[in-house]
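Visitor: Let me begin by handing over the structure; questions about it come next.
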Amino acid sequence: GTCLMKKILKLLPIAAVLLAGIACSKRETPAAKAVKPAAFVHTQAGEKRAIVYGADWCEACHLAGAWLTSHGYTVIDRDIEKERDGAEAMQDALDAAGLTSPGIPVIELEGVVVLGFDQKKLEKITAK
């Protein structure tokens, strides 16, 4: 019961750090797949939002956020280590897209989930 839950919660940050460290390594072909844009339900007319799931220490996460901001997106940063439900929200987005990620950043925009900071993939999505 509660004792087991406390042990699991203590291990979650460690698992997140390990996953994030693996993910920040560059991937040759990051995947992208369409998802139901649940996170965008409350956007105002004309507002473009993007969610970047990452961590403070992840340079690729910061670069992705800066790139999206420079392209007119309101960026919502979700820290998977510091936010209680940040890692869960990222996993929900991945599950909805049928994807798994070796790490961060995981970017959600225009109803698509992108693994890693793949500028060409982001350009393709934002050009629509």
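The values are calculated or read from the model by the stated rules, or taken from the named source; none is laboratory data. These figures come from a predicted structure and were not determined experimentally. When we count neighbours, we look across all protein chains shown, and the Cβ atoms used for this are built from the backbone with ideal geometry, even at glycine. Please note that ligands, DNA and RNA were not included when accessible areas were found on the heavy atoms of the full protein model with its side chains. Shrake-Rupley method; radii C 1.70, N 1.55, O 1.52, S 1.80 Å.
Visitor: Would you check if ALA97 is open to solvent by less than 80 Å² (accessible area, probe 1.4 Å) and either among the acidic types (Asp, Glu) or closer than 12 Å to GLY54 by Cα (or both)?
Guide: no
Visitor: Just to be sure I understand, how many residues within region 74-91 are touching a residue at least 60 places away in the same chain (Cβ under 8 Å) and part of a helix (DSSP H, G or I)?
Guide: 1
Visitor: Same structure, new question: Quick check on region 100-128: of everything there that is under 11 Å from TYR53 (Cβ atoms) and at pLDDT below 95, which residue is most open to solvent (accessible area, probe 1.4 Å)?
Guide: Restricting to residues being under 11 Å from TYR53 (Cβ atoms) and at pLDDT below 95, the top hit is SER101.
Visitor: When you go through (1) touching a Phe, Trp or Tyr at 6+ places or on another chain (Cβ under 7 Å); (2) open to solvent by 20 Å² or more (accessible area, probe 1.4 Å); (3) not small (Gly, Ala, Ser) one by one for ILE80, which number turns out not to apply?
Guide: (2)
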